[in-house]
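Heads up: the structure comes next, in C-alpha coordinates.
The values are calculated or read from the model by the stated rules, or taken from the named source; none is laboratory data. Bear in mind the structure is a predicted one, so any value in this text is a computation, not a measurement. Note: ideal-geometry Cβ built from the backbone for every residue, glycine included; neighbour counts use all protein chains shown.
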Amino acid sequence: MIGNNALKSLANILFLLTSILSLKGQVSPEQVDSLQFWIVADSLNLVDGGTVDTWTSLSPDNNAVTQSNNSNKPLFIQNSLSGHAVVRFDGVDDYLSAGDINDIGPLGHTVFAVGLTKAGCYFSKAEGSTERYFLTIRGSGTLGYLYTDNSSHHVDGLLNDEGPVIVSAVADLVNGTNHIYQKGFEIATSSIQANHDMNSPYPFIVGAKGGDPPNTLFFDGDIAEVIIYNKVLSEVERTNIETYLNNKYSPSPNLGPDIVINYGFCDTSISPGSAFSKYLWSNGDSTQAITVNTSGQYWVETTNDFGIVARDTINVAFQTPNFNFTGSSSICAGNTATWNSGLLKSEYSFLWHDLSTDSIYT
(Lines give C-alpha, C1' and ligand atoms only; values in the text may rest on other atoms or scores of the structure.)
Protein backbone atom coordinates (compact mmCIF):
# COMPACT_ATOMS: atom_id res chain seq x y z
CA MET A 1 0.00 0.00 0.00
CA ILE A 2 1.37 3.43 -0.98
CA GLY A 3 1.51 5.87 1.91
CA ASN A 4 0.19 9.45 1.87
CA ASN A 5 3.69 10.93 1.67
CA ALA A 6 4.54 8.79 -1.35
CA LEU A 7 1.30 9.76 -3.07
CA LYS A 8 1.98 13.41 -2.30
CA SER A 9 5.48 13.13 -3.75
CA LEU A 10 4.16 11.40 -6.87
CA ALA A 11 1.52 14.10 -7.33
CA ASN A 12 4.18 16.80 -7.01
CA ILE A 13 6.41 15.10 -9.59
CA LEU A 14 3.58 14.66 -12.10
CA PHE A 15 2.37 18.20 -11.47
CA LEU A 16 5.88 19.48 -12.11
CA LEU A 17 6.14 17.52 -15.35
CA THR A 18 2.90 19.13 -16.49
CA SER A 19 4.01 22.61 -15.46
CA ILE A 20 7.28 22.47 -17.42
CA LEU A 21 5.59 21.87 -20.75
CA SER A 22 6.61 24.39 -23.35
CA LEU A 23 4.57 27.58 -23.47
CA LYS A 24 4.71 27.39 -27.26
CA GLY A 25 1.26 26.53 -28.56
CA GLN A 26 -0.29 26.73 -25.10
CA VAL A 27 -4.09 27.07 -24.98
CA SER A 28 -5.43 30.03 -23.00
CA PRO A 29 -8.93 30.19 -21.46
CA GLU A 30 -10.58 32.29 -24.18
CA GLN A 31 -9.60 29.69 -26.79
CA VAL A 32 -11.95 27.12 -25.24
CA ASP A 33 -15.60 27.65 -26.09
CA SER A 34 -18.39 28.26 -23.55
CA LEU A 35 -16.25 30.55 -21.38
CA GLN A 36 -18.81 31.97 -18.96
CA PHE A 37 -16.72 33.87 -16.40
CA TRP A 38 -13.00 34.66 -16.06
CA ILE A 39 -11.53 37.04 -13.50
CA VAL A 40 -7.77 37.57 -13.23
CA ALA A 41 -6.13 39.73 -10.56
CA ASP A 42 -3.35 40.66 -13.00
CA SER A 43 -5.96 42.45 -15.12
CA LEU A 44 -6.73 45.00 -12.39
CA ASN A 45 -5.12 48.40 -12.90
CA LEU A 46 -4.81 49.38 -9.23
CA VAL A 47 -2.11 50.56 -6.85
CA ASP A 48 -0.63 47.99 -4.51
CA GLY A 49 -2.80 47.79 -1.40
CA GLY A 50 -5.71 49.61 -3.02
CA THR A 51 -9.31 48.50 -2.57
CA VAL A 52 -11.16 46.55 -5.24
CA ASP A 53 -14.63 47.84 -6.09
CA THR A 54 -14.96 46.28 -9.58
CA TRP A 55 -13.43 43.08 -10.94
CA THR A 56 -14.47 42.62 -14.57
CA SER A 57 -14.65 39.24 -16.25
CA LEU A 58 -12.52 38.69 -19.36
CA SER A 59 -15.20 36.40 -20.78
CA PRO A 60 -17.22 37.65 -23.80
CA ASP A 61 -20.09 39.05 -21.69
CA ASN A 62 -17.70 41.14 -19.52
CA ASN A 63 -19.77 40.67 -16.37
CA ALA A 64 -18.22 42.16 -13.25
CA VAL A 65 -18.31 41.46 -9.53
CA THR A 66 -18.52 44.68 -7.56
CA GLN A 67 -18.58 46.15 -4.07
CA SER A 68 -19.79 49.67 -3.23
CA ASN A 69 -19.35 49.52 0.55
CA ASN A 70 -15.79 50.55 1.45
CA SER A 71 -15.68 48.37 4.55
CA ASN A 72 -16.46 45.26 2.48
CA LYS A 73 -13.92 45.82 -0.30
CA PRO A 74 -11.00 43.39 -0.62
CA LEU A 75 -7.47 44.61 -1.38
CA PHE A 76 -5.35 44.42 -4.51
CA ILE A 77 -1.87 43.02 -3.80
CA GLN A 78 0.84 43.08 -6.46
CA ASN A 79 3.58 40.47 -6.99
CA SER A 80 2.16 38.11 -4.39
CA LEU A 81 1.74 34.67 -5.94
CA SER A 82 4.67 33.56 -8.11
CA GLY A 83 5.06 37.17 -9.17
CA HIS A 84 1.36 37.62 -9.97
CA ALA A 85 -1.23 39.85 -8.37
CA VAL A 86 -3.99 38.63 -6.05
CA VAL A 87 -7.17 40.00 -4.51
CA ARG A 88 -6.97 39.65 -0.72
CA PHE A 89 -10.10 39.00 1.35
CA ASP A 90 -10.09 39.53 5.12
CA GLY A 91 -12.18 36.51 6.16
CA VAL A 92 -14.57 38.78 8.08
CA ASP A 93 -16.84 40.69 5.71
CA ASP A 94 -15.07 41.26 2.38
CA TYR A 95 -16.88 40.06 -0.74
CA LEU A 96 -17.78 40.97 -4.33
CA SER A 97 -21.20 40.42 -5.92
CA ALA A 98 -22.39 40.17 -9.52
CA GLY A 99 -26.11 39.60 -9.17
CA ASP A 100 -27.86 36.73 -10.95
CA ILE A 101 -25.19 35.36 -13.32
CA ASN A 102 -23.31 32.08 -13.86
CA ASP A 103 -26.20 29.62 -13.63
CA ILE A 104 -25.23 26.05 -14.43
CA GLY A 105 -26.50 25.24 -17.92
CA PRO A 106 -28.25 22.03 -19.04
CA LEU A 107 -24.93 20.30 -19.76
CA GLY A 108 -23.24 21.27 -16.51
CA HIS A 109 -20.17 23.39 -15.86
CA THR A 110 -16.42 23.29 -15.16
CA VAL A 111 -14.77 25.67 -12.70
CA PHE A 112 -11.16 26.53 -11.80
CA ALA A 113 -9.71 28.60 -8.98
CA VAL A 114 -6.21 29.68 -7.99
CA GLY A 115 -5.54 31.07 -4.55
CA LEU A 116 -4.38 30.74 -1.00
CA THR A 117 -6.67 30.46 2.00
CA LYS A 118 -6.95 28.88 5.41
CA ALA A 119 -10.71 28.71 5.06
CA GLY A 120 -13.60 30.24 3.16
CA CYS A 121 -15.55 30.23 -0.07
CA TYR A 122 -13.91 31.08 -3.38
CA PHE A 123 -17.25 31.74 -5.02
CA SER A 124 -20.89 30.78 -4.62
CA LYS A 125 -24.35 30.94 -6.09
CA ALA A 126 -26.05 29.63 -3.03
CA GLU A 127 -28.51 31.97 -1.34
CA GLY A 128 -31.29 29.39 -1.24
CA SER A 129 -31.41 25.74 -0.19
CA THR A 130 -31.67 24.15 -3.67
CA GLU A 131 -30.19 24.80 -7.15
CA ARG A 132 -26.99 26.09 -5.62
CA TYR A 133 -23.23 25.50 -5.73
CA PHE A 134 -20.08 26.82 -4.10
CA LEU A 135 -16.36 26.04 -4.01
CA THR A 136 -14.80 26.25 -0.57
CA ILE A 137 -11.92 25.24 1.68
CA ARG A 138 -12.74 24.43 5.27
CA GLY A 139 -10.43 24.97 8.23
CA SER A 140 -9.46 21.31 8.33
CA GLY A 141 -7.76 21.68 4.95
CA THR A 142 -10.66 20.04 3.10
CA LEU A 143 -11.47 21.21 -0.40
CA GLY A 144 -15.18 21.05 -1.12
CA TYR A 145 -17.39 21.53 -4.14
CA LEU A 146 -20.81 21.76 -2.54
CA TYR A 147 -23.68 21.20 -4.93
CA THR A 148 -27.42 20.94 -4.30
CA ASP A 149 -30.18 20.17 -6.78
CA ASN A 150 -33.20 18.85 -4.86
CA SER A 151 -30.81 17.41 -2.31
CA SER A 152 -27.18 17.84 -1.33
CA HIS A 153 -24.49 16.09 -3.34
CA HIS A 154 -21.37 17.52 -1.82
CA VAL A 155 -17.98 16.25 -2.93
CA ASP A 156 -14.84 17.02 -0.98
CA GLY A 157 -11.37 15.74 -0.26
CA LEU A 158 -8.31 16.55 1.79
CA LEU A 159 -5.89 18.92 0.08
CA ASN A 160 -2.48 17.43 -0.70
CA ASP A 161 -0.57 20.57 0.25
CA GLU A 162 -0.57 23.58 2.47
CA GLY A 163 -0.14 26.93 0.75
CA PRO A 164 -1.51 28.08 -2.62
CA VAL A 165 -3.62 25.70 -4.66
CA ILE A 166 -4.88 25.26 -8.20
CA VAL A 167 -8.21 23.45 -7.99
CA SER A 168 -11.06 22.59 -10.34
CA ALA A 169 -14.50 21.03 -10.16
CA VAL A 170 -17.06 19.63 -12.59
CA ALA A 171 -20.83 19.24 -12.41
CA ASP A 172 -21.84 16.87 -15.22
CA LEU A 173 -25.62 17.10 -15.65
CA VAL A 174 -25.65 14.71 -18.60
CA ASN A 175 -23.99 11.79 -16.81
CA GLY A 176 -25.15 12.75 -13.31
CA THR A 177 -21.74 13.10 -11.61
CA ASN A 178 -19.63 15.77 -10.04
CA HIS A 179 -15.88 15.77 -9.48
CA ILE A 180 -13.20 17.78 -7.75
CA TYR A 181 -9.53 17.99 -8.73
CA GLN A 182 -6.25 19.29 -7.37
CA LYS A 183 -3.15 19.52 -9.59
CA GLY A 184 -5.17 17.81 -12.30
CA PHE A 185 -5.83 14.70 -10.20
CA GLU A 186 -9.32 13.76 -9.14
CA ILE A 187 -9.54 13.66 -5.35
CA ALA A 188 -13.27 12.96 -4.99
CA THR A 189 -16.45 12.30 -6.96
CA SER A 190 -20.15 11.68 -6.29
CA SER A 191 -23.49 11.24 -8.05
CA ILE A 192 -25.94 14.04 -8.76
CA GLN A 193 -29.37 14.19 -10.35
CA ALA A 194 -28.94 14.15 -14.12
CA ASN A 195 -30.70 16.78 -16.27
CA HIS A 196 -31.79 18.86 -13.27
CA ASP A 197 -32.62 22.50 -13.99
CA MET A 198 -30.00 24.46 -11.99
CA ASN A 199 -31.23 27.95 -12.88
CA SER A 200 -31.71 30.12 -9.82
CA PRO A 201 -32.22 33.82 -9.03
CA TYR A 202 -29.39 33.89 -6.47
CA PRO A 203 -26.57 36.42 -6.68
CA PHE A 204 -23.13 35.18 -7.67
CA ILE A 205 -20.66 35.98 -4.89
CA VAL A 206 -16.85 35.95 -4.86
CA GLY A 207 -15.29 35.60 -1.42
CA ALA A 208 -18.25 34.33 0.61
CA LYS A 209 -21.45 32.24 0.57
CA GLY A 210 -25.04 33.38 0.73
CA GLY A 211 -27.08 36.27 -0.60
CA ASP A 212 -26.10 39.90 -0.93
CA PRO A 213 -24.90 40.52 1.67
CA PRO A 214 -23.65 36.98 2.34
CA ASN A 215 -23.61 35.61 5.86
CA THR A 216 -21.07 32.80 6.03
CA LEU A 217 -17.81 31.26 4.74
CA PHE A 218 -16.04 34.57 4.19
CA PHE A 219 -12.81 33.91 2.33
CA ASP A 220 -9.67 34.42 4.41
CA GLY A 221 -6.87 34.72 1.88
CA ASP A 222 -5.93 35.52 -1.70
CA ILE A 223 -7.64 34.81 -5.03
CA ALA A 224 -5.55 35.13 -8.20
CA GLU A 225 -7.89 33.73 -10.85
CA VAL A 226 -11.32 32.14 -11.32
CA ILE A 227 -12.49 30.51 -14.57
CA ILE A 228 -15.97 29.08 -15.23
CA TYR A 229 -17.15 27.26 -18.37
CA ASN A 230 -20.82 26.66 -19.04
CA LYS A 231 -20.19 23.06 -20.09
CA VAL A 232 -18.27 19.98 -19.02
CA LEU A 233 -14.84 20.32 -20.56
CA SER A 234 -13.35 17.34 -22.31
CA GLU A 235 -10.30 15.72 -20.75
CA VAL A 236 -8.10 17.45 -23.31
CA GLU A 237 -9.71 20.85 -22.70
CA ARG A 238 -9.47 20.55 -18.92
CA THR A 239 -5.83 19.49 -19.17
CA ASN A 240 -5.12 22.46 -21.44
CA ILE A 241 -6.55 24.92 -18.91
CA GLU A 242 -4.72 23.25 -16.04
CA THR A 243 -1.48 23.45 -18.04
CA TYR A 244 -2.12 27.16 -18.63
CA LEU A 245 -2.59 27.72 -14.90
CA ASN A 246 0.37 25.52 -13.94
CA ASN A 247 2.73 27.31 -16.31
CA LYS A 248 1.50 30.69 -15.15
CA TYR A 249 1.46 30.25 -11.38
CA SER A 250 3.83 27.35 -10.87
CA PRO A 251 6.69 28.11 -13.28
CA SER A 252 9.92 26.18 -13.56
CA PRO A 253 13.26 28.00 -13.30
CA ASN A 254 14.83 29.06 -16.59
CA LEU A 255 18.39 30.37 -16.65
CA GLY A 256 18.23 30.83 -20.40
CA PRO A 257 20.63 29.52 -23.04
CA ASP A 258 24.28 28.88 -22.31
CA ILE A 259 26.38 32.06 -22.16
CA VAL A 260 29.61 32.61 -24.06
CA ILE A 261 31.48 35.81 -23.14
CA ASN A 262 33.57 36.73 -26.16
CA TYR A 263 34.62 40.09 -24.83
CA GLY A 264 35.54 41.43 -21.41
CA PHE A 265 36.34 40.03 -17.97
CA CYS A 266 33.49 41.57 -15.97
CA ASP A 267 31.15 39.56 -13.78
CA THR A 268 28.02 38.17 -15.44
CA SER A 269 24.72 37.94 -13.58
CA ILE A 270 22.46 34.90 -13.93
CA SER A 271 18.96 34.52 -12.47
CA PRO A 272 15.85 32.34 -12.98
CA GLY A 273 13.53 35.29 -12.25
CA SER A 274 11.59 36.51 -9.23
CA ALA A 275 8.67 34.05 -9.25
CA PHE A 276 10.08 31.80 -6.53
CA SER A 277 10.07 31.75 -2.75
CA LYS A 278 13.43 30.00 -2.26
CA TYR A 279 16.69 29.72 -4.22
CA LEU A 280 19.71 27.46 -3.80
CA TRP A 281 22.68 27.85 -6.17
CA SER A 282 25.49 25.44 -6.94
CA ASN A 283 27.87 27.77 -5.09
CA GLY A 284 25.70 27.69 -1.96
CA ASP A 285 24.14 31.14 -2.39
CA SER A 286 20.43 31.58 -1.65
CA THR A 287 19.84 34.85 -3.50
CA GLN A 288 17.65 35.40 -6.56
CA ALA A 289 20.70 36.06 -8.75
CA ILE A 290 24.41 35.36 -8.62
CA THR A 291 27.35 36.92 -10.46
CA VAL A 292 30.04 34.73 -11.97
CA ASN A 293 33.44 35.54 -13.48
CA THR A 294 34.85 32.11 -14.24
CA SER A 295 33.89 29.57 -16.83
CA GLY A 296 31.89 26.62 -15.59
CA GLN A 297 28.50 24.96 -15.15
CA TYR A 298 26.09 26.56 -12.68
CA TRP A 299 22.71 25.33 -11.45
CA VAL A 300 19.91 26.79 -9.37
CA GLU A 301 17.28 24.89 -7.40
CA THR A 302 14.09 26.83 -6.78
CA THR A 303 11.02 26.35 -4.63
CA ASN A 304 7.88 28.08 -5.87
CA ASP A 305 4.88 29.24 -3.87
CA PHE A 306 3.21 25.86 -4.40
CA GLY A 307 6.13 24.04 -2.77
CA ILE A 308 7.35 22.56 -6.06
CA VAL A 309 11.14 22.15 -6.21
CA ALA A 310 12.83 22.31 -9.63
CA ARG A 311 16.30 22.89 -11.04
CA ASP A 312 17.88 24.43 -14.13
CA THR A 313 21.51 24.42 -15.29
CA ILE A 314 23.54 26.79 -17.44
CA ASN A 315 27.07 26.74 -18.86
CA VAL A 316 29.03 30.00 -18.79
CA ALA A 317 32.23 30.35 -20.83
CA PHE A 318 34.58 33.33 -20.62
CA GLN A 319 37.29 33.94 -23.21
CA THR A 320 40.52 32.81 -21.57
CA PRO A 321 43.51 35.07 -22.27
CA ASN A 322 47.02 33.63 -22.12
CA PHE A 323 48.16 35.54 -19.07
CA ASN A 324 50.67 32.84 -18.16
CA PHE A 325 53.75 32.45 -20.34
CA THR A 326 53.86 28.86 -21.56
CA GLY A 327 57.14 28.87 -23.45
CA SER A 328 60.58 27.80 -22.26
CA SER A 329 61.81 29.53 -19.15
CA SER A 330 65.37 29.44 -20.56
CA ILE A 331 66.42 31.73 -23.41
CA CYS A 332 69.89 31.63 -25.00
CA ALA A 333 71.82 34.82 -25.57
CA GLY A 334 70.70 36.52 -28.76
CA ASN A 335 67.41 34.58 -28.96
CA THR A 336 63.90 35.92 -28.35
CA ALA A 337 60.64 34.57 -26.94
CA THR A 338 57.14 35.66 -27.88
CA TRP A 339 54.27 35.99 -25.44
CA ASN A 340 50.89 36.11 -27.21
CA SER A 341 47.97 37.23 -25.01
CA GLY A 342 45.46 35.62 -27.34
CA LEU A 343 43.36 38.78 -27.36
CA LEU A 344 42.62 41.18 -30.22
CA LYS A 345 44.37 44.52 -30.05
CA SER A 346 41.33 46.09 -31.73
CA GLU A 347 39.17 45.15 -28.75
CA TYR A 348 41.53 45.44 -25.76
CA SER A 349 44.18 47.82 -24.45
CA PHE A 350 47.52 46.42 -23.31
CA LEU A 351 50.31 47.69 -21.08
CA TRP A 352 53.43 45.61 -20.51
CA HIS A 353 56.13 46.18 -17.91
CA ASP A 354 58.29 48.12 -20.41
CA LEU A 355 55.29 50.31 -21.32
CA SER A 356 54.79 48.63 -24.69
CA THR A 357 51.14 48.34 -25.76
CA ASP A 358 50.93 45.54 -28.29
CA SER A 359 48.86 42.36 -27.78
CA ILE A 360 52.03 40.35 -28.33
CA TYR A 361 55.19 40.84 -26.35
CA THR A 362 58.58 39.75 -27.68
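Of the residues making up the range 120-171, those that are in contact with an Asp or Glu (Cβ under 6 Å, 6 or more places away or on another chain) and surrounded by fewer than 21 Cβ atoms within 10 Å (Cβ to Cβ) are 142, 144.
In the range 172-198, the qualifying residues are those that are over 25 Å from the mean Cα position of the chain (by Cα) and in a strand (DSSP E or B), and the one that is surrounded by the most Cβ atoms within 10 Å (Cβ to Cβ) is 178.
Counting the residues of the range 290-303 that are at negative phi and either in contact with a helix residue (DSSP H, G or I) (Cβ under 8 Å, 6 or more places away or on another chain) or modelled with pLDDT of 90 or more (or both) gives 9.
Among the residues of the range 213-224, are any of a type in the set (A, V, I, L, M), out of contact with any Cys (no Cβ under 9 Å at 6 or more places or on another chain), assigned to a strand (DSSP E or B) and modelled with pLDDT of 95 or more? Looking through the range 213-224, at least one residue is of a type in the set (A, V, I, L, M), out of contact with any Cys (no Cβ under 9 Å at 6 or more places or on another chain), assigned to a strand (DSSP E or B) and modelled with pLDDT of 95 or more. The lone criterion from (1) touching a strand residue (DSSP E or B) at 6+ places or on another chain (Cβ under 9 Å); (2) over 17 Å from residue 121 (Cα atoms) left unmet by residue 212 is number (2). In the range 60-74, the residues that are touching a residue at least 12 places away in the same chain (Cβ under 8 Å) form no Cβ pair under 9 Å with any partner that is surrounded by fewer than 16 Cβ atoms within 10 Å (Cβ to Cβ) and basic (Lys, Arg), whether six or more places apart or across chains. Taken over the range 1-59, residues that are more than 25 Å from residue 123 (Cβ to Cβ), part of a helix (DSSP H, G or I) and modelled with pLDDT of 50 or more amount to 0.
If the condition is being closer than 29 Å to residue 252 by Cβ and not in a strand (DSSP E or B), then the range 60-84 contributes 82, 83. Considering the range 71-91, the residues that are of a type in the set (Gly, Ala, Ser) and over 15 Å from the mean Cα position of the chain (by Cα) include one that is surrounded by the fewest Cβ atoms within 10 Å (Cβ to Cβ), namely 71.
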